[in-house]
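Student: Take this structure first; my questions come after.
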Amino acid sequence: MEIKLLEIPNSGELYTKALRLKNHVGVDYRTDKHISFIVEDDNKVHNVMYFSEKGGDKQWQCDCKWYTLQNKPCSHIYAVCMAIKEGKLKI
């Protein structure tokens, strides 16, 4: 499965938090159509999902409050993208 990584902002609060979190990302499980990632964030664990069969903004989802309220990529999603881009995760 090919993962379409998001463009990551290069400044701001989301970027700064994602930089801190990128070393705390792991793969939970994967199927033919999606991958579940775990992001450890200050004693909380967030689930980030990537859905290959969905298009556009809905390919990436997170269970955090910020994503739920804003419906935009959060620091957890950006952390996963950074970790993949830097080769910290084997997908």
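Where a number appears in this text, it was derived from the coordinates with a stated rule and is not lab data. Because the structure is a prediction, the values reported are computed rather than measured. Here Cβ is always computed from backbone atoms with ideal geometry, including for glycine, and neighbour counts include all displayed protein chains.
Student: Using θ = phi - 60° and the Karplus relation 6.51 cos²θ - 1.76 cosθ + 1.60, list the HN-Hα couplings for the stretch 60-66 in order, rounded to whole Hz, with x at every Gly or Pro.
Tutor: Those phi angles translate into 10, 9, 9, 8, 6, 5, 4 Hz.
Student: Continuing with this model, one more query. Once you have a ≥ b ≥ c as the square roots of the Cα gyration tensor eigenvalues for the stretch 30-85, tell me rounded if a/c is under 1.5, and otherwise prolate or oblate according to whether a/b is larger than b/c.
Tutor: Taking the square roots of the gyration eigenvalues as a ≥ b ≥ c, the stretch 30-85 is oblate.
Student: Would you mind checking which residues have amide H under 5 Å from His34's amide H? H placed 1.01 Å from N; only 5 or more apart, or other chain.
Tutor: Hits under the 5 Å cutoff: Ser52.
Student: Then there's this: Under unit Cβ charges (Lys, Arg +1; Asp, Glu -1), what dipole magnitude, rounded to 20 debye, does the chain have relative to its Cα centre?
Tutor: So the dipole magnitude of the chain works out to roughly 60 debye.
Student: Dipole size in debye (nearest 20) for the stretch 41-91 around its Cα centre, Lys and Arg Cβ +1, Asp and Glu Cβ -1?
Tutor: 80 debye
Student: Provide the gained length on full extension for the span Asp28 to Lys4, in nm with one decimal, where the gain is 0.36 nm per separating residue minus the Cα-Cα distance.
Tutor: Gain in length upon complete extension: 6.8 nm.
Student: Given labels modelled 7 Å from the Cα in the Cβ direction, how far is it in nm from Ser52 to Lys88?
Tutor: 2.4 nm
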